[in-house]
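The values are calculated or read from the model by the stated rules, or taken from the named source; none is laboratory data. Model, not experiment: these values are computed from the prediction. No Cβ is skipped: glycine too gets one built from the backbone with ideal geometry, and neighbour counts run over all protein chains shown.
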Amino acid sequence: MGRAEARQARQRGARRANRAERTGIRRFFTWRKLLGTFLGFCLLVMGAFFIIYLLVPVPSANAQAEMQSNVYKYSDGKVLTRTGKINREIVPLEKIPKGVQYTFVAAENKTFFKDSGIDFKGTTRGVLNTLRGKGKQGGSTITQQYVKNYYLSQEQTVTRKLKELVISLKVDQKKDKHEILAGYINTSYYGRNAYGIQAAAQAYYGVDASKLTVAQGAYLAALLQAPNQYDWAIASDTGKKLVTQRWNYVLNNMVEEGWLESPVRQGLKFPVPKPPKAAPGLEVGQTGYLVDAAEAEMERMGISEEEIKAGGWTITLNIDRKRQQALEKAVAKQLEAKLDRKGDKANATVQAGATSVDPKTGNVLALYGGVGATEHWLSNATRRDYQPASTFKPVVLASALENGSKTQDGRPIGLQTRYDGTSKRPVEGSDVAFAPENEDDKDYGPVSVQRATNSSVNSVFAQMIVDVGPPEVKKTALDLGMTDGDGWPEQPAMSLGTMGASTWDMAAVYASLDAHGKKITPTIVKSAEREGREAERKVDPVGGQVISREAADTVTAAMTGVVRSGSGVNAAGEYQAAGKTGTSENNRSAWFVGYTPEIVTAVGLFGEQSDGTGQVTLTNTVNEGRANGGGVPAKIWKAYTTGALGGGSDARFDLDVDESATAEPTPTPTPTPTPSPTESETDKPDDSPTPTPTESETEPPTGDPTPTPTKSPSGPPSFTPPPDPGDGDPGDPDEPGLNLRP
């Protein structure tokens, strides 16, 4: 065989070997086998997914998803504060404008209303990117994002992605699309510590979600893609450009889907959000006291503490924002500006509290709990560990009138009834000995009930409570709104207000007197709602008649004299007012409680050890010497009342008083005009003496001319009533507007 033949033979052998090899490969990798393998793999994946579908349940909501804040609002709807770890308030979809709802669908998932709840392509891309370590990737449907927010965590793992896929399918089958959309909108994070659309609407535009425009909704929907990057207040120029582009993208999608008319779209302008503010609830001041008072009232309405702390409540208070500001301003000017809390240990012991009530509705209009809830946690408005002192004396008088009581010698008790006003005079007719000292140990001699009220004569009211009976007086006090607490000893000392009471309690009592004897229960909660449930009030703020109108009105008439020319002259202003001062034993508390026809306010000062462990005297704190209710408390009351009434009021008391019930007639000499107190007069020193009758004034006047009202240079008419026989002090409470019945 030659060389050529040998070469050809080798080539033929190589070709045969190649053919054999190709035949073997084809035999192994046929298209049928490849297709079968692919289908088998698909079936395996489907089977695995089916098993996962069966094994993975729809879990309960994650803890954070259901956490909400409680939202507290003023009576005008402005947000006071939010409490809770998560700034979220869930709102039903029907409260969100339809156009705003569509902005989220247009931004995230145009096919939302048609799809099965998942995007296989986007999810597959997300899983692959997660495996490649590329971090968070988009492409999820609204349902998937809702599932991630509501049921799962935010971790980026393949396992979480698969769970998201399975749960999304199940949720889409079980829940209505609108329910899913509502869940998505309410659980998403919008930046600025705002979870859910309601918190976001407040954070970015200062409105409730129900008031959002389509343009504003489109911004919030665009924001979800990158909350921090797209927040206009902190965004870079690039961030602002990107969010503006996305805002336009959202609106254009709405037009494309037929959810927004093109001409309307063309007229929309980018709604620049408001600058961020500190989250409500972080500020100091009265907020904590208001929230505590509201939560205490909610518990009285049958809402447990656990339910309240669970969150989700929208609580609207009766607090009038402007009057609340007026009260805080009055305390700041009349008290805090005069104290050096940091440099003077005595000044640091002074605490102030106040409660203001509308006597026609029972609404708590304003409340002052102290220097700040973060500095002094116990509310001075609602604490009951201090004595109300002589502010309790009108209750004794009310009980005497209500029960038709008589003196020890059988004379009916009325404003003209004469008592022995000698200091330290032992009471008569009591099994319990009691001989109280008058202020400054002053003797008044024979004195009318009216004068005794004006000058807060202890010996008179000590005898009066014996004449009425301590049990009867206590019943009247409880009927009018005081609280029994640990129980009061029914003894003559009650007349001096020796029980514990709060400014809230005393405002309730005086509001009931102002309301002509109807029981007024102060209420700070206007409404409390959670997920369609509204808390029900157990007690009507305006109750039935607890003492007669005549008894209540007579007490009011008596207390107009306290403000007009008695111990409460520092409270007089451009309004008609009735009130009573009070200073407790050892000067540990000083009070002024008073009212006009429109507003009732109790103000108290309390001496408290700096560590809050005990009571101390107020002497040489707010002023040199003894603090008293006619001083700083009355001035706070006046400043607040003036501001709360817009400078003053022409409203007059409409009183029904039967003076025939008094023990003796009141001769009435011709009165002389008395000008309304000026600012300098009402700001006279706290220790200014109460006018004392002279020797000649103690002789009974003669004659009975008709009193004539006089007009002061400005403000409502003022009137100087005739002197009471024997003591020269107002005995006839008549003045224009009182409507006394002869």
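Remarks
- Test: residue in the range 246-258 that is loosely packed, with under 15 Cβ neighbours inside 10 Å, of a type outside the set (Lys, Arg) and not in a helix (DSSP H, G or I): yes
- Of all residues making up the range 171-226, the number that are assigned to a helix (DSSP H, G or I), within 29 Å of the chain's Cα centre (by Cα) and basic (Lys, Arg): 1
- Residue list for the range 585-600, restricted to those being more than 15 Å from Pro394 (Cβ to Cβ) and touching a Phe, Trp or Tyr at 6+ places or on another chain (Cβ under 7 Å): Arg588, Ser589, Thr596, Pro597
- Within the range 492-521, considering residues that are part of a loop (DSSP other than H, G, I, E, B) and in contact (Cβ under 8 Å) with a residue 60 or more places away in the chain, the one surrounded by the most Cβ atoms within 10 Å (Cβ to Cβ): Gly497
- Being farther than 29 Å from Met494 by Cα and hydrophobic (A, V, I, L, M, F, W, C) is a property that Leu339 has.
- If only residues of the range 80-126 that are more than 26 Å from Tyr249 (Cα to Cα) and charged (D, E, K, R) are counted, the one that is modelled with the lowest pLDDT is Lys85.
- First in the range 80-99 and touching a residue at least 24 places away in the same chain (Cβ under 8 Å), second anywhere and among the hydrophobic types (A, V, I, L, M, F, W, C) and surrounded by fewer than 21 Cβ atoms within 10 Å (Cβ to Cβ), Cβ under 6 Å, 6 or more apart: Ile86/Met67
- The single residue among Asp486, Asp443 that is of a type outside the set (Phe, Trp, Tyr), over 30 Å from Lys73 (Cβ atoms), modelled with pLDDT of 95 or more and surrounded by fewer than 22 Cβ atoms within 10 Å (Cβ to Cβ) turns out to be Asp443.
- Residue list for the range 190-207, restricted to those being more than 13 Å from Val272 (Cα to Cα) and buried (at least 18 other Cβ atoms within 10 Å of the Cβ): Tyr190, Gly191, Arg192, Ala194, Tyr195, Gly196, Ile197, Gln198, Ala199, Ala200, Gln202
- Among (1) within 30 Å of Tyr444 (Cβ to Cβ); (2) modelled with pLDDT under 95, the one test that Ala373 misses: (1)
- When Thr374, Thr382 are checked against the criterion of being within 30 Å of Met67 (Cβ to Cβ), in contact with a Phe, Trp or Tyr (Cβ under 6 Å, 6 or more places away or on another chain) and part of a loop (DSSP other than H, G, I, E, B), a single residue qualifies: Thr382.
- Just one residue in the set Gly561, Gly579, Gly612 is touching a residue at least 12 places away in the same chain (Cβ under 8 Å), assigned to a strand (DSSP E or B) and of a type outside the set (A, V, I, L, M, F, W, C); that residue is Gly579.
- Residue check, Glu328 farther than 23 Å from Phe592 by Cα and in a helix (DSSP H, G or I): no
- Odd one out for Gly217 among (1) more than 21 Å from Ser140 (Cβ to Cβ); (2) at pLDDT 95 or above: (1)
- The range 240-260, residues that are over 15 Å from Val214 (Cβ atoms) and either touching a Phe, Trp or Tyr at 6+ places or on another chain (Cβ under 6 Å) or of a type in the set (Ser, Thr, Tyr) (or both): Val243, Thr244
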